[in-house]
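Below: one structure, written as structure tokens.
Just so it is clear, none of the values below were taken in a lab; they were calculated from the coordinates. Computed from a predicted structure; not experimentally measured. Cβ atoms come from the backbone with ideal geometry, glycine included; neighbour counts cover every protein chain shown.
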Amino acid sequence: MTGPTVREEMLARVRTALGPQPPAPAGVPRDYRRTGTLPRGSAEALDLLADRLEDYRATVVRSTDDVAAAVAALLADVDSVLVPDGVPEDWLTGLTGTVRDAPPLSHDQLDNVAAVLTTCRVAIAETGTVVLDGGPGQGRRALTLVPDRHVVVVLADQVVHAVPDAVAVLAAHPHRPLTWISGPSATSDIELVRVEGVHGPRDLRVVIVAAPTGGGTLTASRT
Amino acid sequence: MSTFLGMPTVRPHPADPPGAPLRWGPSFPEAAHQTLRDEQLRANLRTATRTIRDKRRRVTAELGDWEQLRDAGAAIKADVMARLPELLTELEANVTAHGGVVHWARDAAEANAVVTEIVRAAGAREVVKVKSMATQEIGLNDALAAAGIDAVETDLAERIVQLAGDMPSHILVPAIHRNRAEIQEIFTHRMGDAPAGLSDEPRELAMAARAHLRARFLRAEVAISGANMAIAETGTVAVVESEGNGRMCLTLPRVLVTVMGIEKVLPTFTDLEVFLQLLPRSSTGERMNPYTSMWTGVTPGDGPSEFHLVLLDNGRTRALADELGRPALHCIRCSACLNVCPVYEHTGGHAYGSVYPGPIGAILTPQLLGLGEEGGPFGAHDPTGSLPFASTLCGACYEACPVKIDIPSALVHLRERSLHPDGGHPPTATDLAMVGAARVLASGRLLRLAGWAAALVGRATGGRPIHWLPWPGSLWTRVRDVPGLPRRSLSAWWRDRQGWSR
């Protein structure tokens, strides 16, 4: 632990460095795009999101009303699927071997689960990014990290165009732990050759749902 | 490091065990003479920097408002410096309010002591680490090793560097000086649990690293990270990464320690919209990096139950005190300036003798170490004092910098500080030459005379470049040639051409 003296001395050093007349706070020009041009949830935004995710080698499935069938197809070859609280029950009808995080699973138990199925908070079309904030259907961060396959369902009205649009959505709950995911884990550390799949899930599968499927549970993650 | 003995196939880069992380080598020209001889290194660098340059150019051109984002980024950083005391206390209050513990460290030794004490208190003998420049800068791994704690780097490139006993040579890709065959060697001989018959295929090497680190992630009690930014308004800390090793470290262990330079604070949550566009596109040349994690203090039931934020000075207030050098603190460690620098591309990172290489390193390292201050390094032959001269002042770094740091101007300013630490100075040879040139250029008669003299030399040397001159000309010809002099002066040529008709 550092005593108050170290803290006070560091702050004093900063003030001394800035001088007796510290520079006036600079105005920040924000004439970059503060909002995207594609409307939230538009077909163009969804297409762009799909394109950008595929560019990162994520698997993308477009769905309209039968989320359960899309999810089941993406998880047909695994024997265990972790399902955090808050994932709509009607998405699970085609799944076998669902696992719950209650009581909380140990790291080793998580390591033995093949896949995880979640919702998300917001998705950014332009950068191919899905953001989790731990809200309903997303679970604690370890759940979407240790299993090797992550299936995430993105609803149309969660898809925004640009980064500032997403930051505005997330600012409603800035203190929640946030995970921004843009494709499967990757490295370019060896001769800058991109290798997909390192420590995070090596297999990212995204279901983009174009039309509302009915039922109040779908909007639960946007509290 | 006794396990390294008897395995001579992997030779560390640089060969001599380095001293201080910010000052380990000889002067830049001496070190560059060494690295320039390594053709393998130059070939590796050429390929790597070209690849990443092209990617960056592509994705930055994609955004129509890229220049506006750079302007906003530069202005936010200037604002941060102007309001640093209030932003740091605001950050501290918000981290504390959300269950985190904030520590202050004036220098490397203090920061290392704080971290070591936290690890000890947690009862851990092994910690996992997220790649972090701040912890490289303070030599944290060595300090932990001295306390009997094994710090395991988990970023692939950082792990390669650690296993090889190297120093990093690039801010983003610390093992950029190693090619696939060398990495295969390093893994085979140093990893301990490398699969038999490991090839030099990047995918296979990456999978070997995954297997090697997986058990360590799952059992780790304590993780140590840096921070790409921290939001004063909310107390939120962000780490930007690609492999998922960051998420593993930030999520699974019980205790998390983050070491962050004080200049990394940002005022508002909204500022993320600027830096999460500037950083990934400038750094890896991607629209977005695979993973970005943000957390605020501790979240019950999700991630570490203990969070410590160590705010580090270690020379930053020194840099802050120099109004002309201050913008070096705006750096977001993207490494775009390294990838476009003709000097870096040829000499590689180790020539800079600091964990911060390249153009940004040439201005950041001298300032962190107090270049030209009383008791500080100075002079063109000093390891630190020579860094501002490691540049052609071509300006490519300024153009690439996402927060518009005017590196060339800072370099010129620091050259002055390096040569004339006390400000005023007796006239140098350059000064005298400039005074002389001003006289000659102001007088038609003298200029004609000089032109005539130069043409005389030009005819005597056959217009060829001059490799040798007697003193004081040798000061110049020792390091570069004098371009060949023409056989006639421009005015003589013009006079003949016009035939004095007008």
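As a proxy for reagent exposure, A:32, B:398 were ordered by neighbouring Cβ count within 10 angstrom, fewest first; the result is B:398, A:32.
Exposure proxy ranking for B:35, B:51, based on other Cβ atoms within 10 angstrom of each Cβ and starting from the fewest, stands as B:51, B:35. Take each residue of peptide B:192-204, count the partner chain Cβ atoms within 10 Å of its Cβ, and average: the result is 2. Listed from fewest to most Cβ neighbours within 10 Å, the set B:440, B:265, B:355 follows the order B:440, B:265, B:355.
Dividing the summed -39500 (n - 2.57) terms of all DSSP H runs of n ≥ 4 by the residue count of chain B sets its mean residue ellipticity at 222 nm at -14000 deg cm²/dmol. Checking Cβ-Cβ separations below 4.7 Å across chain B identifies B:249, B:331, B:334, B:341, B:394, B:401 as cysteines lacking any candidate disulfide partner. Rounded is the label for the stretch A:35-215. Its Cα gyration tensor axes, ordered a ≥ b ≥ c, give a/c under 1.5. How would you classify the protein assembly as shown from its alpha-carbon gyration tensor, with a ≥ b ≥ c the square roots of the eigenvalues: rounded for a/c under 1.5, else prolate if a/b is greater than b/c, otherwise oblate? Note, shape of the protein assembly as shown comes out prolate. Other residues with beta-carbon under 11 Å from the beta-carbon of residue B:365 carry, at +1 per Lys or Arg and -1 per Asp or Glu, a net charge of 0. For the stretch B:26-82, applying the loop criterion from DSSP together with a ceiling of 11 other beta carbons within 10 Å to the trypsin sites (Lys or Arg not before Pro) yields B:37.
Beta-bridge orientation, chain A: approximately 25 percent antiparallel, per DSSP, counting only bridges with both partners inside.
Projecting label points 7 angstrom from Cα along Cα→Cβ for residue B:443 and residue B:218 puts them 8.6 nm apart. Contact order, relative form, for the stretch B:10-316: 27 percent (alpha carbon pairs under 8 Å, 6 or more residues apart, mean separation divided by residue count).
Counted residue by residue at 0.36 nm each, then reduced by the alpha carbon distance between them, the extension gain from residue B:323 to residue B:146 reaches 59.9 nm. Projecting the Cα positions of A:35, A:93, A:80 onto the charge dipole of the stretch A:35-215 (unit charges on Cβ atoms of Lys, Arg, Asp and Glu, taken about the Cα centre) puts A:35 furthest along the positive direction.
Normalised by the number of residues in the stretch B:3-141, the mean separation of alpha-carbon contacts (under 8 Å, six or more apart) gives a relative contact order of 23 percent. Of the residues B:69, A:151, B:325, the one whose Cα sits farthest towards the positive end of the charge dipole of the protein assembly as shown is B:325 (charges of +1 on Lys and Arg Cβ, -1 on Asp and Glu Cβ, taken about the Cα centre). Once a ≥ b ≥ c are taken as the square roots of the eigenvalues of the Cα gyration tensor of chain B, is the result rounded (a/c under 1.5), prolate (a/b larger than b/c) or oblate (a/b not larger than b/c)? Cα axes put chain B in the prolate bin. What is the total of Lys pairs in the protein assembly as shown with C-alpha atoms under 17 Å apart, excluding same-chain pairs fewer than 8 positions apart? Taking the Cα cut-off of 17 Å, the pair count is 4. Placing pseudo-labels 7 Å out from each Cα toward the beta carbon at residue B:67 and residue B:431 gives an inter-label distance of 4.0 nm.
Modelled spin labels at residue B:459 and residue A:109, positioned 7 Å past Cα toward Cβ, are 9.7 nm from each other.
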